[in-house]
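Enquirer: Below are the structure tokens for one structure; questions will follow.
The values are calculated or read from the model by the stated rules, or taken from the named source; none is laboratory data. For clarity, every value in this text was computed on a predicted model and none was experimentally measured. Neighbour counts are summed over all protein chains in view; Cβ atoms, including those assigned to glycine, are modelled from backbone coordinates with ideal geometry.
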Amino acid sequence: MKKNSKLYILFFSILAIVFLIAFYFFQSHFMNYSSIKIDSNEYLVYTKYSYEKDGFSITLPYINIIGEDSKAINDSIDMFYSHYSSNPYCNITYEYSIQGNVLSVLLKAFDYQGTIPDITFQSYQFHLKRLSLISDDELLSMFSITKDDVKNAILNKFQYFYEQILSEGYYTEEECSYSCFMEYRGVSSYLDNVSYYVRDGTLFAYKPFIFSSIFGEEDFFKEEDFQFLIVDIKKD
């Protein structure tokens with residue numbers, strides 16, 4: 001009996017050691033995504049290009065993931081930058097986040113070359129388990145919403161902007177109705193040029209619009225106003 005007990009203890013000790021070793025390799029191999037990286041010494045997303053001059057800066061990301069879809073994202077980022085590469089009056093930044101199996105990457109470009117700053121957003125959603133792009137429809141389905149929900153969230157925020165502008169005395173409703181306000185914003189559709197971004201369980205839509213007019217609203221709008229909260233699952 002004592003001999004059998006010792007064998008049982010030895011067996012379970014070996015089993016525990018094997019489990020701990022397997023768990024360690026699982027963590028080191030999968031949790032830091034080394035199995036899907038092109039360069040295991042780099043982060044999953046890292047800055048591949050950075051430039052700064054005369055107060056303007058450009059930082060571009062590289063998606064360090066094997067596969068055709070990640071290559072397509074990197075090619076798209078290069079094309080995005082090529083539009084601004086000869087423009088010395090432009091700021092380009094990026095951010096990314098990982099939520100479960102979803103990698104979300106957002107590019108922001110602020111072009112100050114013209115009289116009115118031109119703002120552009122571009123985003124990518126990538127499934128880290130499938131190693132494939134996530135479409136807008138699939139992303140919205142993950143949050144159990146539709147494009148109508150997105151439209152309503154954006155509409156509500158623009159209506160809030162309009163009410164605040166009226167209350168702060170930029171003009172009266174008689175001088176500029178909501179339709180007039182949206183015309184100055186250059187917005188004919190709430191769903192045009194929308195880029196989605198997932199951060200900390202929250203789905204945002206980024207939508208560019210004109211933030212200045214003869215009424216001087218550029219003093220009212222801030223950079224964060226281009227970010228529209230769509231769904232916050234932490235509050236559900």
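Enquirer: List every residue pair whose Cβ atoms sit under 7 Å apart, with the two residues 6 or more apart in sequence or on different chains, where the first one lies in region 129-148 and is on the phi < 0 side of the Ramachandran plot and the second, anywhere, is assigned to a helix (DSSP H, G or I) and of a type in the set (Asp, Glu).
Expert: Cβ pairs passing all conditions: Ser132/Asp69; Leu133/Asp69.
Enquirer: Taking region 28-81, which residues are in contact with a helix residue (DSSP H, G or I) (Cβ under 9 Å, 6 or more places away or on another chain), among the β-branched types (Val, Ile, Thr) and assigned by TED's automatic domain parsing to the domain that holds Val102?
Expert: Result: Ile58, Ile63, Ile65, Ile66.
Enquirer: Do we find that Tyr46 is modelled with pLDDT under 95 and surrounded by 10 or more Cβ atoms within 10 Å (Cβ to Cβ) in this structure?
Expert: Spelling it out, it is not the case that Tyr46 is modelled with pLDDT under 95 and surrounded by 10 or more Cβ atoms within 10 Å (Cβ to Cβ).
Enquirer: Return the pairs, sorted by first residue and then second, in which the second residue is among the hydroxyl-bearing types (Ser, Thr, Tyr) and modelled with pLDDT of 90 or more, the first residue lies in region 208-227 and is under 15 Å from Glu183 (Cα atoms) and buried (at least 16 other Cβ atoms within 10 Å of the Cβ), the beta carbons are less than 7 Å apart, and the residues are 6+ apart or on different chains.
Expert: Pro208/Thr120; Ile210/Tyr184; Ser213/Tyr184; Phe215/Tyr170; Phe215/Tyr171; Glu217/Tyr170
Enquirer: Still on this structure: If the requirement is being in contact with a Ser or Thr (Cβ under 8 Å, 6 or more places away or on another chain) and touching a residue at least 12 places away in the same chain (Cβ under 8 Å), which of these qualifies: Ile65, Ile73, Ile58, Ile77?
Expert: Result of the check over Ile65, Ile73, Ile58, Ile77: Ile58.
Enquirer: Go through region 201-228 and give me each residue that's closer than 22 Å to Ala109 by Cβ, touching a strand residue (DSSP E or B) at 6+ places or on another chain (Cβ under 9 Å) and either at pLDDT 95 or above or not assigned by TED's automatic domain parsing to the domain that holds Arg185 (or both).
Expert: Leu203, Phe204, Ala205, Tyr206, Lys207, Pro208, Phe209, Phe226, Gln227, Phe228
Enquirer: Would a scan of region 29-38 turn up a residue that is more than 20 Å from Tyr124 (Cα to Cα), among the small types (Gly, Ala, Ser) and at pLDDT 65 or above?
Expert: Yes, region 29-38 contains at least one residue that is more than 20 Å from Tyr124 (Cα to Cα), among the small types (Gly, Ala, Ser) and at pLDDT 65 or above.
Enquirer: Do you know which residues across region 80-110 are of a type in the set (A, V, I, L, M, F, W, C) and not in a strand (DSSP E or B)?
Expert: Phe80
Enquirer: Would you please name the residue that is modelled with the lowest pLDDT, looking only at residues in region 111-148 that are under 16 Å from Val194 (Cα atoms) and assigned to a strand (DSSP E or B)?
Expert: Applying the filter and picking the extreme gives Asp118.
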